[in-house]
1. Taking into account only those residues within the range 525-553 that are touching a strand residue (DSSP E or B) at 6+ places or on another chain (Cβ under 6 Å) and buried (at least 19 other Cβ atoms within 10 Å of the Cβ), which is nearest to residue 394 (Cα to Cα)?
2. Inspect all residues belonging to the range 442-454 and state whether any of them is touching a helix residue (DSSP H, G or I) at 6+ places or on another chain (Cβ under 9 Å), on the phi > 0 side of the Ramachandran plot and in contact (Cβ under 8 Å) with a residue 12 or more places away in the chain.
3. If residue 465 passes every condition in (1) touching a helix residue (DSSP H, G or I) at 6+ places or on another chain (Cβ under 9 Å); (2) under 16 Å from residue 492 (Cα atoms) but one, which one does it miss?
4. Looking at the range 273-296, which of the residues that are part of a loop (DSSP other than H, G, I, E, B) and closer than 22 Å to residue 344 by Cβ is modelled with the lowest pLDDT?
5. Any idea which of 547, 535 is part of a loop (DSSP other than H, G, I, E, B), modelled with pLDDT under 95 and touching a helix residue (DSSP H, G or I) at 6+ places or on another chain (Cβ under 8 Å)?
């Protein structure tokens with residue numbers, strides 16, 4: 001018999017107040033009666049705007065369990081977070097239990113938003129007003145509920161599928177569905193959303209569209225086809241994933257061909273769905289991307305610092321892995337002739353960062369705006385703001401807007417990428433590979449690599465494990481710091497390898513003025529246990545419902 005779960009009364013509130021405001025997060029609706037909200041389409045729209053809080057954003061929101069954007073990198077082999085802002089140390093040390101998830105637990109707040117989505121969907125058809133607007137709002141909320149369920153199943157596996165709002169007269173009991181049942185429900189809901197939104201522009205910036213729904217469907221079906229949940233390698237699942245990706249590829253989006261770094265700071269042709277952040281509603285510049293990503297010598301926090309593991313994943317300019325003896329890679333000249341994306345995504349020792357006029361204090365002491373991660377440099381443990389130094393001796397350039405001075409100017413408007421065309425190409429390449437279509441897989445990998453500036457195409461002879469590894473490597477590079485790596489290594493069932501390796505950094509020492517020595521060193525011991533492929537359901541929920549725990553906890 002399936003386990004039963006009691007859905008607690010905390011999700012009964014009709015209006016859930018949010019942790020932060022942004023362009024899609026208006027004034028809370030708790031000053032309005034339930035009757036007034038569902039008799040006024042403009043209030044129903046405001047209700048919808050509040051539900052966008054289920055989506056991740058680019059802010060650094062301490063103690064916000066629904067927004068783990070940056071934390072997902074530091075809970076994988078991508079990055080190190082020295083301040084442990086989201087409790088990732090529990091994930092990385094192998095000590096995770098149902099009692100200590102802390103800020104990594106999304107169970108309760110996610111079900112709270114699902115309840116509000118259910119309330120909306122049960123009411124919206126009877127709200128008077130423009131039918132086209134009703135359809136748009138209904139499509140958006142259908143997508144947002146689907147996104148909420150996807151967040152749950154990729155963390156916990158199969159979960160209770162609650163499709164109607166609960167009230168005080170409800171039995172509060174519902175069966176826990178399997179992963180496939182949940183995945184199929186999400187996919188079907190996204191089809192509904194795409195149909196409801198088909199009259200809207202496919203490029204509406206920051207709001208859910210048909211394209212956004214189809215892109216999320218592509219990702220959902222890719223996960224369902226992957227080894228974690230497709231243990232028999234059912235090719236029908238890979239076919240569904242392939243078809244879903246191709247449906248998005250056929251839409252009018254294009255790979256962004258401008259400066260690669262601008263892809264993550266400006267509106268462009270590749271972005272399918274983003275979550276917007278409006279500086280007007282930010283309580284502090286400390287929430288700004290540049291502040292918490294930049295190196296200490298620029299008075300940033302280096303809060304989420306790239307690992308040497310990630311840096312080593314970037315190949316060379318000719319497209320070879322650095323482990324290839326013919327690549328010409330020299331660990332004592334490690335930043336020469338690398339994949340162009342490396343220079344756009346990573347701040348490394350000697351790399352200029354920001355406009356010189358923004359950092360006159362560095363020039364006043366005889367330095368420049370070039371990063372100094374070497375021992376004794378401005379960005380080292382012996383430098384400025386040394387409590388904020390990067391332990392790995394790298395910081396992220398990705399997502400940073402270097403056109404303004406984050407130390408003196410107000411944080412710029414930002415977005416977090418939820419879906420973009422490059423990810424869909426990678427989804428399609430992976431699905432095509434597992435369907436046996438190596439040539440198509442290579443074709444779409446080459447499109448991404450060519451856009452990045454890599455000189456050589458992949459050989460047509462690339463097959464089997466070698467091609468599979470290249471597909472995974474391209475995802476690791478192209479999608480770094482976008483919240484994918486944490487889940488990719490789990491759905492591929494390789495986290496027991498990647499997450500059991502030490503997290504590495506580099507110590508750089510100057511040999512006079514002529515050269516530097518690079519000593520690659522362990523920053524953190526990482527431990528991953530078999531049960532960590534899923535999160536434990538919180539102990540408080542288990543105690544209330546007697547629900548069986550995920551295996552191993």
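The values are calculated or read from the model by the stated rules, or taken from the named source; none is laboratory data. These numbers come from a predicted model, not from an experiment. Quick reminder, even Gly has a Cβ in these numbers, built from the backbone with ideal geometry, and neighbours come from all protein chains shown.
1. 526
2. Yes: the range 442-454 contains one or more residues that are touching a helix residue (DSSP H, G or I) at 6+ places or on another chain (Cβ under 9 Å), on the phi > 0 side of the Ramachandran plot and in contact (Cβ under 8 Å) with a residue 12 or more places away in the chain.
3. The number of the failed condition is (1).
4. Filtering first and then ranking leaves 288.
5. Unique residue meeting the criteria: 547.
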